[in-house]
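Shown next, in structure tokens, is the structure this report addresses.
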Amino acid sequence: MKYKIGLADYGLNVWYGGCYNLEQRLEMLRECGIDGIERLSASDMAEAVQNAALFHRMGMDFTTCSMASPELTMKCACAFGKEYVWFPMPFGKDVPFADYCRRANGFVEAAAWYNLKGALHNHLGCRVESQQELEDFMQAVPGAALLLDIAHLHAAGGDCVEVIRKYHHRLVAVHFKDIYYVDKSIGLERWWERLRFCELGGGNAGLDCAKIAEELIKHQYQRWLLIEQDTHLQDPKIDLKKSADILKTLFA
């Protein structure tokens, strides 16, 4: 099987304060053995075309787009022949689950007009956090794809292997990172104080990436493997190369 290893680059934006030069960032990632960035970002269609040309000129790629509005995101993702777009997820626990699923079904239907899949990204502190919430969502929104974040699910008490077993046919990408507990006496309602997300192999939460990789391989998963490290405590290149090397070993 041939896998692409990408980066969800939120952590780099935190470390550096933003992305000031896309070509410079892509060159750094290429040196780390990473094949691209998850989401192409741009202010408008013209910049999106310029950025896409830069990716491809450098032999790099991206999995989807992130634009100023959901509709423009869908148009760009469709134009570049991508598979999925993120379901807009800045919704906390205060949003009624039925309302969230109604909106998600509408988003999935709109994405289908562009021959795209609308993908749920599970996340701590958001409406779909626990495994039960994820499974309820997948049942209530049957057209949704799943962008699985293994660390967010594990930190919420979920079983990543079981979720992959149940929904492998709906996966469009997987976020890989590890978990370091800072203070387990703090509850999940303040998860950002309870833990930090770190490089693969640097955690203390018992997240077994080898078993997760085995389950993905078992189901012939051949989509993107996306590193996402929210918090860097040293030069990000050190962390990212370590995570990329581990993924290459797990999926060799």
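Couple of notes before you dig in:
- Test result for E47, among the acidic types (D, E) and under 18 Å from the mean Cα position of the chain (by Cα): no
- Taking region 1-18 as the range and being open to solvent by 20 Å² or more (accessible area, probe 1.4 Å) and not basic (K, R) as the test, the residues that pass are M1, Y3, D9, Y10, N13, V14, W15, Y16, G17.
- Test: residue in region 114-132 that is in contact (Cβ under 8 Å) with a residue 24 or more places away in the chain, in contact with an Asp or Glu (Cβ under 8 Å, 6 or more places away or on another chain), of a type in the set (K, R) and open to solvent by 40 Å² or more (accessible area, probe 1.4 Å): yes
- Meets criteria (of a type outside the set (D, E), outside any strand (DSSP E or B) and at pLDDT 95 or above) for A151: yes
- Residues of region 81-108 that turn out to be open to solvent by 50 Å² or more (accessible area, probe 1.4 Å) and farther than 19 Å from V128 by Cβ, as a count: 2
The values are calculated or read from the model by the stated rules, or taken from the named source; none is laboratory data. Quick caveat: nothing in here was measured; it's all calculated off a predicted structure. Neighbour counts run over all protein chains shown; Cβ positions are idealised from the backbone, glycine included. Surface areas here come from the heavy atoms of the whole protein model, side chains and all, with no ligands, DNA or RNA. Shrake-Rupley method; radii C 1.70, N 1.55, O 1.52, S 1.80 Å.
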